[in-house]
Structures are given as structure tokens and as C-alpha cells.
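This report refers to the structure that appears directly beneath it.
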Amino acid sequence: MKPHFESRPSGIDTQNARRGERPRFDRLLRLPPDVQAAWEAEFGERRIRHIRFHIVFGLFFYNLYNVTSIVLMPDILWQSVMLRVFLVVPTGLLLGWAVVRTSPALREHALTASLFCAFATPIGLFLWSGAPLVSYMLGEMTIIMVFVTVLMNISFPHALVFCSLALFTWVGAIAMKTDLSADLQFALTVQAVTSVVFCLLANYHIARQRCVDFLRSYNERQRAETAEVMMQEMTHIAKTDPLTGLPNRRFLDEHLERWTRSQPGVAVLLVDIDHFKSFNDTLGHPAGDDCLRRVAAILNSIQDLPDRFVARIGGEEFTIALRHVTVFDAARIGTALVRAVAEARLPHPGRPDGKPFVTVSMGLNTSAPGETTTPRQLVSGADEALYLAKERGRNQLVRAKATTFGPLAQTA
């Protein structure tokens, strides 16, 4: 079993983070796609609730202006009521229903389009009416602008599009109202331009501060998560044998300490490659390294579960640690691995005993569930058993107290 570490936090580019690169927004206050996705994941539901609340809130006050139409546009009063109630209200309610059923981008597009529909309706009524006080109803446009850019808080790119269309429509309607004096047209145009510029500027400052605040927190999380990933990588390196990729002694010591403290019943198998020094002397160290890797792969063929792992503890020595197994299960696993190494028939021409293939010897020591023991005691007992296995001819497993488990595969 390889050391288990937490997976890398999603969305974190550790290479960029190490170079000090941080996401930024562009001139239109647009965030990078991955950062925007992170924003949506964190604030998307809150944004939907915000939109729904302000749709209801805005529709109430929007229709309240039907009362002012009695004074300002009495000639088209019922047309005003019908357009507001039967066009704008259903559009707003439909939008409130749809915002949870569309993508974030489509949601914001639909919101902006619906808000412009609400803005354009009073402009149309202004052009339609011939009442003497109709120019006063243009004050409603400023209120709608504030609602859209500040209260509804659409993004700056959407606000830029909305305000551009609103200004064009607003100023165009004033110019088309030929029954207004030139002086009044000029005054109303100045008011329109001022309202649009101020509302757009307010939206920009709000949106920019929102981007700055979110990027600050996002970058702080990124730095923290990157540091965590780097720490995990360093921990992985510190607990991994570079030659075989198996856990090393440090990993073994930590796990045995924890296992023996919880007393689940632990088995330790010490493994030694037989006559490995003569293997290196005959074939050289590069071949010896390859032999270690191949033996490690065979030993690591045991199930990769939290309750068992293989570690290289130095040279040609390995340790297999298991918990929640009986002594017979541990012996069966160890004997099968001894046999698997022998049956791999890895050439070993330099053996002094004349056998032509690589074999391993194992020593087994166990503790029963609930038994108080220490890692040192377990390893010491397994080491004594390994010594006996070598005395008895190698290529076998011996349990502490000199019990031999077989039969084993023939190697010659």
C-alpha cells in the first residue's frame, strides 16, 4: 500500500501559485473562468435569492407608479396599467421562476433583458401620452436606473450594455417628443445623461469592490491550499522509498505506533532477500536495484487496503504490516508471497547455495486483539523469526516461537 494522502484541492494551480501568479479581473471586471466558477459555487444560491427578492420588491414599487399615472398620464391611464400589470409583471415572475433552472450566464443575460423591458415600457408610455405633465414621469427612469445598477446589482458588463441602451432610448424619446420646448428637451437630456453616468459609475465601484474582496479571499485560500498540497507532497516524499515507491521506515513506525496503541491485533512480517549481497557482487548494483523493484512489486500485490501495507526499511529488507487478521491469515499471506517470489524465477547466478533464482525469507510475529505490545516488541520478535528462517535454509516463513509454515515452491 502506498502512503495515503488527501487529494489535491480542486481548482488550485500549484505551479502558478509557486511562481506567485494570482488571478485578476480585466477592465470590464470579468473574473477568469475558474475563479468565476468558484464565485458561483460560493455565492450562486445567494445570488438567486437576491434576484427573486428584488423582483418581487421591484414589481411592487414599479406598479405603484400606476397611481402617479392618474395625474401625469390620464389620457392613457388604462393602457399604462395594462402594460405594467400584464406585460412587466408576468415577465418578472417568469424570470423569478427561471433563474434556478438556467446556467449562471443565461440567468444574468435574461435578467438584464427583463430589466430593460421594464425600463423601456415607461419610455413608450412617455411617447404615447399627450398629457401636459407627462415629462415629469421621466423621473421614474432615474429610479429604475438606481434599482437596476445598484439594488439588482447586475455585473458591470451587463450594466454597461443596459446603461448604453437605456441612454440611447431615453435621449431618443426626449428628442422624438416634439411637443416639448427645446429648453425642456435640453434639461431632460442633461438629467438623463447624468443619471446614467452616475448609476453606471456606482455599479462599477460596487462591482470592482466585490471582485477585489472575492479575489483577496480566493487568493488567500489558494495560498493556504497550495501550502497544504506542498506539505502533503513533502510528507509523501519523506515517507516514501525513492527506489521502490513503497512506504519507508518512517511511515512504518508511525502506523505501527498507532495500530499497537489501538490494539486491534497486529501482524508484522520481516522480509529479507536471500543472498542479496552476492547478487550485487555478481550482477552489479543496477541489476540489484531492478531486483529490489521487482520483489517490491510482488510483495505489494497484497490488497491495497488501509489494514495492510508493505514498506522497505533498508537494503534488501522489507516489512509487511497487517491488522485485523488472525495469525493463520497472516501466515497464509506471507507464505503465498514467499512462493510468489520464488515462482517469479528472477535469475540469481551468484547464490552460494547453488539455487538459480531469487527467493525471500520471512519472520512473522503477531499480537492478539486487546494485547498490549509495542512496535519494538513486534519487530524484534519478527526479526528473531526471520533469523530462524535463514538458519533453516531460507525460502520460507517462520513464526516467532520457531513455527515453520509451508510447503514452499521449489527453486531448483
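The values are calculated or read from the model by the stated rules, or taken from the named source; none is laboratory data. Owing to the predicted nature of the structure, the values given are computational and were not obtained by experimental measurement. Because the Cβ atoms are built from the backbone with ideal geometry, glycine has one as well, and the counts that use them run over all protein chains shown.
Would a scan of the range 117-131 turn up a residue that is within 26 Å of Ser164 (Cβ to Cβ), in contact (Cβ under 8 Å) with a residue 60 or more places away in the chain and in the same structural domain as Leu180 (by TED's automatic domain parsing)?
Checked against the condition, which is being within 26 Å of Ser164 (Cβ to Cβ), in contact (Cβ under 8 Å) with a residue 60 or more places away in the chain and in the same structural domain as Leu180 (by TED's automatic domain parsing), the range 117-131 yields at least one hit.
Restricting to the range 271-282, count the residues that are in contact (Cβ under 8 Å) with a residue 24 or more places away in the chain and either among the polar types (S, T, N, Q) or more than 11 Å from Arg351 (Cα to Cα) (or both).
Qualifying residue count for the region: 5.
Scanning the range 115-137 for residues that are hydroxyl-bearing (Ser, Thr, Tyr) and crowded, with 18+ Cβ neighbours inside 10 Å, which turns out farthest from Met152 (Cα to Cα)? Give the steps one after another, and end with the answer.
From the range 115-137, those hydroxyl-bearing (Ser, Thr, Tyr) are 121, 129, 135-136; that's our starting set.
Subsequent filtering for residues that are crowded, with 18+ Cβ neighbours inside 10 Å retains 121, 129, 135.
On the way: Thr121: 18, Ser129: 29, Ser135: 26 Å.
Filtering the range 115-137 for residues that are hydroxyl-bearing (Ser, Thr, Tyr) and crowded, with 18+ Cβ neighbours inside 10 Å, the one farthest from Met152 (Cα to Cα) comes out as Ser129.
Any chance the range 44-60 includes a residue that's assigned by TED's automatic domain parsing to the domain that holds Ala110 and more than 23 Å from Ile144 (Cα to Cα)? Outline the logic, then answer.
In the first step, residues of the range 44-60 are kept if they are assigned by TED's automatic domain parsing to the domain that holds Ala110; the result is 44-60.
The next check asks that each one be more than 23 Å from Ile144 (Cα to Cα); those that pass are 44-45.
Checking the range 44-60: at least one residue is assigned by TED's automatic domain parsing to the domain that holds Ala110 and more than 23 Å from Ile144 (Cα to Cα).
For every residue, the table says whether it meets (1) in contact with a helix residue (DSSP H, G or I) (Cβ under 6 Å, 6 or more places away or on another chain); (2) under 24 Å from Phe147 (Cβ atoms); (3) not assigned by TED's automatic domain parsing to the domain that holds Ala38.
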position	(1), (2), (3)
Val171	yes, yes, no
Ala175	no, no, no
Asp183	no, no, no
Thr189	yes, yes, no
Ala192	yes, yes, no
Phe198	no, yes, no
Asn203	yes, yes, no
Ile206	no, yes, no
Leu215	no, no, no
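For a quick check of your reading of the model, give me the residue pairs whose first member lies in the range 52-73 and is closer than 24 Å to Val99 by Cβ and at pLDDT below 95, whose second is assigned to a helix (DSSP H, G or I) and of a type in the set (Asp, Glu), with beta-carbon atoms closer than 9 Å and at least 6 apart or on different chains.
Short answer, once both residue conditions are applied: Tyr62/Glu140.
If a residue has to be touching a helix residue (DSSP H, G or I) at 6+ places or on another chain (Cβ under 7 Å) and of a type outside the set (S, T, N, Q) to count, how many in the range 329-374 make the cut?
16
For the structure I just gave you, tell me whether Phe156 is in contact with a Leu (Cβ under 7 Å, 6 or more places away or on another chain), more than 18 Å from Asp26 (Cβ to Cβ), surrounded by 15 or more Cβ atoms within 10 Å (Cβ to Cβ) and aromatic (Phe, Trp, Tyr).
No.
Do you know which of the residues in the range 302-341 that are under 21 Å from Arg249 (Cα atoms) and polar (S, T, N, Q) is surrounded by the fewest Cβ atoms within 10 Å (Cβ to Cβ)?
Top of the filtered list is Gln303.
Restricting attention to the range 352-370, which residues are over 17 Å from Ala389 (Cα atoms), touching a residue at least 60 places away in the same chain (Cβ under 8 Å) and buried (at least 17 other Cβ atoms within 10 Å of the Cβ)?
Passing the criteria: only Ser367.
Go through the range 159-170 and give me each residue that's of a type in the set (Ser, Thr, Tyr) and either farther than 12 Å from Phe119 by Cα or surrounded by fewer than 16 Cβ atoms within 10 Å (Cβ to Cβ) (or both).
First pass over the range 159-170, keeping only residues of a type in the set (Ser, Thr, Tyr): 164, 169.
Within the range 159-170, just Ser164 meets the criteria.
Give the residue, chosen from Ala187, Ala202, Ala173, that is surrounded by 12 or more Cβ atoms within 10 Å (Cβ to Cβ) and without any contact (Cβ under 8 Å) to a residue 40 or more places away in the chain.
Ala187
List pairs: first residue in the range 24-39 and of a type in the set (Gly, Ala, Ser), second residue buried (at least 19 other Cβ atoms within 10 Å of the Cβ) anywhere in the structure, Cβ distance under 7 angstrom, at least six positions apart or on different chains.
Correct list of pairs: Ala38/Tyr218.
Please enumerate the residues belonging to the range 241-267 that are at pLDDT below 85 and surrounded by 14 or more Cβ atoms within 10 Å (Cβ to Cβ).
If the condition is that a residue be at pLDDT below 85 and surrounded by 14 or more Cβ atoms within 10 Å (Cβ to Cβ), then Gln263, Pro264, Gly265 are the ones that fit.
Kindly establish whether Arg84 is over 41 Å from the mean Cα position of the chain (by Cα) and among the basic types (Lys, Arg).
Yes.
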